[in-house]
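Have a look at the structure below, then the notes.
The values are calculated or read from the model by the stated rules, or taken from the named source; none is laboratory data. Please read these numbers as outputs of a predicted model, since none were measured by experiment. Note: ideal-geometry Cβ built from the backbone for every residue, glycine included; neighbour counts use all protein chains shown. Accessible surface areas use protein heavy atoms only, side chains included; no ligands, DNA or RNA. Shrake-Rupley method; radii C 1.70, N 1.55, O 1.52, S 1.80 Å.
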Amino acid sequence: SLLPSLFMAAVEQAPVAISITDSRANILYANAAFTRVTGYPRAEIIGRNESVLSHKVTPRALYEDLWRHLTERRPWTGTLLNRGRDGEPYLAEVTIAPVADAEGQATHFIGMHRDITEVH
Ligand code: FAD
């Protein structure tokens, strides 16, 4: 089947930053838009935690709400203040969803975000 390589190409080229993590938010995969939006080359971001994107001014309660959703196997959408590789903050519209295995266990997460700093 051509589907696996088609899926790979589609996700790789999608115009939204996409990353796939393990259950602890360690990045296993990031697409090309992720590098464009965050400034992190792929080789530098694989194996690091999504929290490298955190601008530490974001209220803790927001992250707790995010993780409450994820641990209850629900997706979360919200706006986070992220920090790119250059240290510059940007406003990110983020959706994170659990990826369940055949037994229904959320073993991984997929994150999708866009820089909405320039949107008025
Ligand atoms: P953390 O050490 O992560 O802790 C913050 C709070 O979150 C903790 O008090 C705890 O309640 C909770 N928490 C953290 N890890 C877990 C866990 N594994 N299970 C249960 N609860 C937990 N953050 C961003 O700022 N920007 C992003 O773009 C972003 N994208 C993400 C994409 C994906 C796919 C995932 C899974 C997470 C993403 N996160 C993102 C969240 C990120 O993993 C951090 O939780 C967040 O950045 C806060 O980092 P921290 O170091 O300040 O705190």
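Would you confirm whether or not segment 14-30 contains a residue that is surrounded by fewer than 14 Cβ atoms within 10 Å (Cβ to Cβ), part of a helix (DSSP H, G or I) and in contact (Cβ under 8 Å) with a residue 12 or more places away in the chain? No.
The one condition from (1) modelled with pLDDT under 95; (2) in contact with a Pro (Cβ under 8 Å, 6 or more places away or on another chain); (3) more than 10 Å from the ligand (Cβ to nearest atom) that HIS120 does not meet is (2). ALA43 satisfies every condition listed in (1) away from the ligand (no atom under 11 Å from the Cβ); (2) part of a helix (DSSP H, G or I); (3) open to solvent by less than 70 Å² (accessible area, probe 1.4 Å) except (3).
Only a single criterion out of (1) near the ligand (Cβ under 9 Å from one of its atoms); (2) open to solvent by 80 Å² or more (accessible area, probe 1.4 Å); (3) assigned to a loop (DSSP other than H, G, I, E, B) is not satisfied by THR58, namely (2).
Restricting attention to segment 65-80 and to residues that are surrounded by 17 or more Cβ atoms within 10 Å (Cβ to Cβ) and assigned to a strand (DSSP E or B), the residue that is farthest from the ligand (Cβ to nearest atom) turns out to be TRP76. Within segment 98-118, being without any contact (Cβ under 8 Å) to a residue 24 or more places away in the chain and aliphatic (A, V, I, L, M) holds for one residue alone: ALA102. Looking across segment 88-110, the residues that are closer than 10 Å to THR77 by Cα and open to solvent by less than 70 Å² (accessible area, probe 1.4 Å) come down to VAL94, THR95, ILE96, ALA97.
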